[in-house]
Amino acid sequence: MTSRTLARASAWFLAACTAVALVPAAPADEPKPAAPNIDVAICLDVSGSMNGLIDSVRAKLWDIVNELGRSNPTPNLRVTLYSYGHTSYDRNKGWVRKESDFTTDLDAIYQKLNGLTIRGGTEYVARVCRDALQEQKWSEDKNALKVIFVAGNEPASQDKEVKLETVAKLAKEMGVVINPIFCGPANHPESADWKEFAQMAGGKFTNIDMNRGATVVSAPQDKELADLSAKLNTTYVAYGKQAEQLKENQKAQDANAGKVAPGAAAQRAESKAGALYRNGHWDLVDKLKEDPKFDIKKVPEDELCTELKKLKPEEREQFVKDKLAEREKIQKQILDLSKQRGDYVREQQKKNPNPAEKAFEDAVKPLLREQAAQKGIKIPE
């Protein structure tokens, strides 16, 4: 190579390097924010005359789940359920019963909720809150939203052994907010203890008309949403020792929501199409979504559903992936239809405004939104 050719080559190389240096580097992908953790304990009075409260929670639980599901990113939601005040419960436990440990299995919570019965008794508000604090393994994440909603209609200070002040102090130490919900007029003399408990526990007092909460607006989309919900069930590929039992429970909770009202079944359909409805513990489609490296071929033959047993091991993963594609298509239909339903319901509510008294979800949703915001979790209105 001549000296002149070498010089030209060197010049070209330097120019190319300079040009490359001037091209801005591609921005690194923004790290996705970590999913926030939300722990919710629901404590319900099941003494005499509380049918309205239980019915209202059955009617509105899925609506509340849908509210939380609008958060971005989708939170890690765990729920526990307690009931108190039933005369058949253990006297030594203060007539308090733990219905569930913290779980992401919303069908299990709804099953327990639908199994509650009403029978007059003594209502120990402090005791049920203390048990929820001490018996559950609450999130250790300092940014987690940790709340208790305790609802009833008798004085909150009946318990002579466990004091409201003691429980409020424990809740604050654990970073748990207690929101007392009085089932009656806010100016009722027996609401005074509930208001004081809210102040001591760092939560907010609210009152509801428990009987109004069982009313769910019907909409033209309800029937189609219920049908799509049933169709969605066919995309679940059960596995594990309790697989068939849990799959049947999914259908049973569809039926329970339908018994409450067509609107409640429609709200449940929306929940099932959302990201908070997770069943990876018994459904292979959700399991693969949670863990793409999960090897279906390693699931013992006796823990597979009949559909998968008929297939060769190497065919099973594709079967599950096909079910995922089918599910996503149905979920999109449900979410589109749910949006139409929401628009219709809002229009109806404008024409027929709710009375001044709050229903159960009217009390819970604003508090969740406000207290979540304090933890940096935004729930769109």
Check your understanding: What is the set of long-range amide H partners of residue 207 at a cut-off below 5 Å, with H atoms built 1.01 Å from backbone N?
Key -> 182
Check your understanding: Which log10 I(q)/I(0) values, to two decimals, does the chain give at q = 0.09 Å⁻¹ under the Debye formula with one point per Cα?
Key -> -0.59
Study note, to complete from the structure: Spelling it out for residue 177: with amide H atoms placed in the peptide plane at 1.01 Å from N, the residues 5 or more places away or on another chain with amide H under 5 Å from its amide H are 146, 147, 148
Review point. When N counts the residues of the stretch 99-258, how does its alpha-carbon radius of gyration compare numerically with 2.2 N^0.38 Å, as a ratio?
Key: 1.27
Exercise for review: Give the share of C-alpha pairs in each 10 angstrom bin for the stretch 222-351, from 0 to the last occupied bin, in whole percents, shortest bins first.
Suggested key: 12, 40, 29, 13, 4, 1
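On full extension of the chain, what length is gained from residue 192 through residue 294, given 0.36 nm per residue of separation minus the C-alpha to C-alpha distance? Please report the intermediate quantities before stating the final value.
On the way: separation 102, 0.36 × 102 = 36.72 nm, distance 5.39 nm.
Going from the current span to full extension adds 31.3 nm.
Could you list 194, 282, 138 so that the one with the fewest beta carbons within 10 Å of its beta carbon is first and the one with the most is last?
Details: 194 28, 282 24, 138 19.
Final ranking by Cβ density, sparse to dense: 138, 282, 194.
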Revision key, fill the gap. Between the residues 304, 50, 246, the Cα farthest towards the positive end of the dipole of the chain, that dipole coming from +1 and -1 charges on the beta-carbon of Lys, Arg, Asp and Glu, is from 304
Check your understanding: Listing 200, 174 from the residue with the fewest other Cβ atoms within 10 Å to the one with the most, what is the order?
Key -> 174, 200
Review point. Hey, can you list the DSSP H helices of the chain whose Cα span along the axis is 24 Å or longer and whose average Kyte-Doolittle score is at least 0.5?
Key: 3-22
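Measure up 98/231; 298/321; 297/332; 146/332; 146/358 against 28 Å on the Cα-Cα distance and list the ones that go over.
Details: 98/231 33 Å; 298/321 16 Å; 297/332 30 Å; 146/332 31 Å; 146/358 23 Å.
Where the Cα-Cα span goes over 28 Å, the pairs concerned are 98/231; 297/332; 146/332.
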Practice item. Enumerate the whole-percent occupancy of each 10 Å bin, from 0 to the last occupied one, for all C-alpha pair distances of the stretch 143-218. Key: 20, 46, 25, 8, 1
Check your understanding: Quick one: Karplus J couplings for the stretch 291-296, per residue in order, coefficients 6.51, -1.76, 1.60, θ = phi - 60°, nearest Hz, x for Gly and Pro?
Key -> 9, x, 8, 4, 9, 4
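Rounded to the nearest 500 deg cm²/dmol, what is the calculated helix-only ellipticity per residue at 222 nm for the chain, with -39500 (n - 2.57) per DSSP H run of length n ≥ 4? Don't skip to the answer; put the middle values down first.
Working: 13 runs with 185 residues, N = 381.
It lands at -15500 deg cm²/dmol.
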Exercise for review: Work out, step by step, the length gained on full extension between residue 315 and residue 335: first 0.36 nm times the residue separation, then minus their alpha carbon distance; give nm to one decimal.
Suggested key: 4.1 nm
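Every number in this text was worked out from the coordinates using simple rules, so none of it is lab data. Quantities reported herein were computed from a predicted structural model and do not represent experimental measurements. Heads up, the Cβs are rebuilt from the backbone with ideal geometry, glycines too, and the neighbour counts pull from every protein chain shown.
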